[in-house]
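What follows is one structure encoded as structure tokens, with my remarks underneath.
Derivation of every value follows stated rules applied to the coordinates shown; laboratory data play no part. From a predicted model like this one, the values you see are computed outputs, not experimental measurements. Note that we place each Cβ from the backbone using ideal geometry, even for glycine, and neighbour counts take in every protein chain shown.
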């Protein structure tokens, strides 16, 4: 016997609903999402076989329409026609939040152009789940799936390695060993966590230093969310100004502002701007 959530939703306005669905554990769905799916005239999904498992679990009888990256353009006019006539249509993906590294953007942009209401129903996200347990900075860049071609992969990771924030990627575990050498080459000194099978029975979080990464020996299946730590500032500041630095500051102290002096001197020394600023203040007070 399935306990049906008690929803307070009485009337659902027509439009396109972007509904987040579980990324593994079928219990990770909101009451609101279940109710919206029940009240939908049509549910657009990537794989009807995958989506039926969820819909059967919650006794949702709405009609399914297969809508994936290979047919979303072909389906567009029919779906827009339903929306124009006042139908309630939900868009779901096989797992997580639609249109984020999944089909949906084409339909959403068409709805924007036609002033059709688009309503998000938030919920599960592999991206948010992975970042939340990573232990890395919450200032992050989400990239999505790694590029397929080796040359493009190498160029992109080199570019991304210059970003200070944490980085989040999706990757098929079948391709993980092709990507690890590029990660080691571009992200030395950083940490990494592989979030595998999130919320599922074989859920696993593999935490490593990038420099210690090795190829996986077993053939892993499914998709993985990879989080690389933020780039630390490794600049080591000396504790004291050299005599030549002090002499330079003394020559500048009556001609320039402390801010200007700090900027100039810090460019030519490992001394922090804070220490330079303090020394300038000391000279000012002595005068």
(request) Using DSSP, restrict attention to beta bridges with both residues in the chain and report what percent are antiparallel, rounded to the nearest 5. (result) 45
(message) Just to be sure I understand the model, the point goes 7 Å from the Cα along the line to the Cβ. What's the resulting residue 217 to residue 282 distance in nm?
(response) 5.8
(message) Please list log₁₀ I(q)/I(0) at q = 0.24, 0.25 Å⁻¹ for region 69-130, using the Debye equation with identical point scatterers on the alpha-carbon positions.
(response) -1.10, -1.17
(request) Throw me the Rg/Rh for the chain, computed over C-alpha atoms with Kirkwood Rh, two decimals. (result) 1.17
(request) Give me the number: length gained by fully extending residue 114 to residue 163, i.e. 0.36 nm times residue separation minus the C-alpha to C-alpha distance, one decimal in nm. (result) 13.9 nm
(request) Report the relative contact order of region 76-191, percent, no decimals, based on alpha-carbon pairs under 8 angstrom and at least 6 residues apart. (result) 20
(message) Over all directions, the average projected area of the alpha-carbon convex hull for region 150-287 comes to how many nm²?
(response) 12.2
(message) I want to verify the translational diffusion coefficient of region 15-124 in µm²/s; compute it with Stokes-Einstein, Rh as the Kirkwood radius over Cα pairs, at 10 °C and 1.306 mPa s.
(response) 117
(request) Kindly express, to the nearest 10 degrees and within the range 0 to 90, the angle between helix 72-84's C-alpha long axis and the longest C-alpha principal axis of the chain. (result) 70
(message) For a quick size check, give me the Cα extents of region 127-228 along its three principal axes, largest first, whole Å.
(response) 36, 30, 24
(request) Report, in degrees rounded to the nearest 10, the 0 to 90 angle that the Cα long axis of helix 48-57 makes with the longest principal axis of the chain. (result) 80
(message) With a cut-off of 8 Å between alpha carbons and a minimum separation of six or more residues, what is the relative contact order of the chain in percent?
(response) 16
(request) Using only Cα atoms, find the angle between the long axis of helix 150-160 and the longest principal axis of the chain, and express it within 0 to 90 degrees, rounded to the nearest 10. (result) 60
(request) Please give the calculated 222 nm ellipticity per residue for the chain, where each DSSP H segment of at least 4 residues contributes -39500 (n - 2.57) and the sum is spread over every residue; nearest 500 deg cm²/dmol? (result) -11000 deg cm²/dmol
(request) May I ask for the equivalent-ellipsoid semi-axes of region 243-286, computed as the square root of five times each C-alpha gyration tensor eigenvalue and listed largest first in whole Å? (result) 14, 10, 10
